[in-house]
Amino acid sequence: MGVVCLWSWQTMRAQSAKTDTIRTYTTEHPLIYEDAWDLWPYVFLNENGEPDGYNIDLLKLIFKELDIPYVIKLKPTLEAQADLKNGKSDLMLRMDAEYSRENSLYSKNIVQLFTHSILAPKTMPVHIRQEKDLKNYRVIVHGGSFSHHYLMKKAWAKEVVPYDDMKSALHEVIDKNDGIILWNTMSLKWLMRKYQTDKLTLMPITCPMASISSCRVTTICLSVSTVPMWR
């Protein structure tokens with residue numbers, strides 16, 4: 001999905017129990033942005049171990065425009081979410097979902113929209129068009145992801161298998177010529193291109209469209225709106 005991003009600059013604020021106070025980030029106390037290290041092509045560690053991806057480029061532009069010192073740390077999704085909840089980080093681009101609203105505040109504007117797809121061997125008989133069709137299948141998901149929480153809540157899969165390393169999940173499906181992966185479409189496409197596999201097929205599935213917004217434990221840092229161009 002391509003997007004045109006339009007953003008407006010807002011003062012970063014930290015909320016106390018009694019009054020709002022202005023929070024200033026300095027070189028000694030920079031803004032700490034943490035996120036997943038394997039959400040290709042949005043945010044990930046590249047082959048040199050450096051933060052890379054669309055989200056990284058977008059936030060660097062914003063931080064530069066606002067003249068905000070920052071530190072970027074990428075780690076497993078659940079660790080990044082825990083750090084945000086516990087006040088060890090200041091910002092994360094995160095799925096706006098019920099399971100994460102208790103410990104974060106979200107911007108009203110959307111940074112990205114996610115669609116979901118199924119990835120399976122071409123020789124494997126698969127009859128899935130909507131999420132309820134997963135009831136007869138063992139489904140691999142990214143641990144802690146929207147699809148993971150959603151399938152567990154709805155109990156729509158025969159078995160839900162969370163993986164921390166989706167590259168390993170991909171190679172397992174290829175090597176065994178068996179298995180189904182449910183994840184966001186663009187990340188699956190990125191993995192297929194990365195490993196140039198022609199043994200798998202990508203199939204769209206009707207799931208709720210998920211959105212990612214900027215969020216912080218205390219308040220909202222960014223105001224970002226997007227206009228979808230293609231999906």
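Things worth noting here:
- When the strands (runs of 3 or more DSSP E) confined to the stretch 55-134 are screened for residues that are at pLDDT 70 or above, those reaching at least 3 such residues are found at 70-75, 116-121.
Residue-by-condition table, conditions (1) modelled with pLDDT of 80 or more; (2) among the small types (Gly, Ala, Ser); (3) open to solvent by 90 Å² or more (accessible area, probe 1.4 Å):
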| site | (1), (2), (3) |
| --- | --- |
| GLY2 | no, yes, no |
| MET12 | no, no, no |
| THR26 | yes, no, no |
| PRO41 | yes, no, no |
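- Residue list for the stretch 43-94, filter: over 25 Å from SER147 (Cβ atoms) and open to solvent by less than 20 Å² (accessible area, probe 1.4 Å): ILE62, PHE63, ASP90
The values are calculated or read from the model by the stated rules, or taken from the named source; none is laboratory data. Everything numeric here is computed off the predicted structure, so don't read it as measured data. Virtual Cβ from ideal backbone geometry, glycine too; neighbours counted across all protein chains shown. With ligands, DNA and RNA removed, areas are computed over all heavy atoms of the protein, side chains included. Shrake-Rupley method; radii C 1.70, N 1.55, O 1.52, S 1.80 Å.
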